[in-house]
Structures are given as C-alpha cells and as structure tokens.
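The values are calculated or read from the model by the stated rules, or taken from the named source; none is laboratory data. Model, not experiment: these values are computed from the prediction. Cβ placement follows ideal geometry from the backbone for every residue including glycine, while neighbour counts extend to all protein chains displayed. The protein model used for the area step is the full one, side chains on, heavy atoms only, and it has no ligands, DNA or RNA in it. Shrake-Rupley method; radii C 1.70, N 1.55, O 1.52, S 1.80 Å.
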Amino acid sequence: VTAFITLNPLFNRPSFTEQSITYDHHTLYFIDLARSEEDIFNNFSASRRRELRRWDESGACIVCDRDELTLFFLEHYQKFFFERNFSNAYFFAQKSFAYLLGLSQIYAVGASTGSGVEAMLLCWHTPFAAEWIFSVRAPEGRKHTAGLIWTAAKHFWSLNVPVFNLGGGFESDDN
C-alpha cells in the first residue's frame, strides 16, 4: 500500500521517490469532485452526457447489495480478466477478492436490467481520494460502464472525497 501511494501520480511527492528511476507510463484520468455535481456533469462531452441520460432512462437498476455483487464478481472475474489479457498478477485467489469485497473502504456498485447483475465496479476510497480498481461485466453489461462510473463519482462526491481516479489505459490515448 505504501508503494502504491508513493508512486500514485495523484499524490506526486518527488521527495518520496528517486526521480532518476521513475517515469510517466500513461495518461491518468480523474474526476475532480471538488466541483458541484452539475458542473462536473456539464463538463463531460455532449456525447457522454447523452449516454448518461439514455442510461438513466433505460430502467437499469443500481445494485449495492454486497453479497450479490461478491457472487457476481467471483463468478465472472476470471473469464473477464482472461478475455482482456490482464496480467497474471491480477488473478488473485477467490478468497482474496472475497476479503477485499468485504472491506469498509471498498465501494462496490453494480447494474442490472431485471435478469440479475450485468456489470459492476469495485473502488476503494479514503477521505483524500477514490480509485476505480476493477470492473467486471457479463457480455451484455458493457452498456452500464459509464453509468456505473457516474454513480460511483456521485457517491464519492456525497462523501466529500475530493478526487476520483479512473486510472490510465493500457496505451496512451486509448480512452
């Protein structure tokens, strides 16, 4: 955890690392939650705002039941990670993920359209920042990604967490 915080670009503290052995790897995307919810939403692109409005109107249900989300995650994460060529470092044991999903610093949120959970996000948070750490979805769940990110952002905004780190990508400019 200490190394993660030390190397996290949101907490850039040059005195914590030797600059000659650090480098920028990817662009970091984050939502500045210090602004109003309306201001954040209005600063999204027009196409993202339309996508979020359509998602709100779609009838998708937000799922916050931790037991239901844990079952969904454990059932789908290996296939989802494998299909996206995740590094083996992310293939934790199911017991590790089950433990992680039980922590109070973890925010888990999912979406369903009546036939059960189709997608979910897993985030951690402190009073200083929130981080999107994993998402898992069934094949039909892709349509929920932006809506779940926005749902998580509003949750962290309500907790007065100042920033939501969405991470980077596998390559520069792959958003």
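Solvent-accessible surface (1.4 Å probe) assigned to Ser115 amounts to roughly 100 Å².
Please compute the contact order of segment 79-125 in relative form: average sequence separation of alpha-carbon pairs under 8 Å and at least six residues apart, divided by the residue count, as a percent. Taking the mean separation of contacting Cα pairs over the length of segment 79-125, I get 26 percent. Computed over segment 48-175, the range of Cα coordinates on each principal axis works out to 37, 36, 34 Å, biggest value leading. Note on Lys154: lysines with a C-alpha under 28 Å away, same-chain residues under 8 apart excluded, are Lys143.
At a 10 angstrom cut-off on C-beta neighbours, averaged per residue, how do the peptides 53-59, 136-142 rank from highest to lowest? Show your work: numbers first, answer last.
Details: 53-59: 12.0, 136-142: 17.0.
In descending order of packing, they fall as 136-142, 53-59.
For Lys79, the accessible surface of its heavy atoms amounts to roughly 120 Å² (probe 1.4 Å, protein chains only, rounded to the nearest 10).
Candidate cross-link partners of Lys95 among the lysines, defined by an alpha-carbon separation under 26 Å and a same-chain spacing of 8 or more, comprise Lys79.
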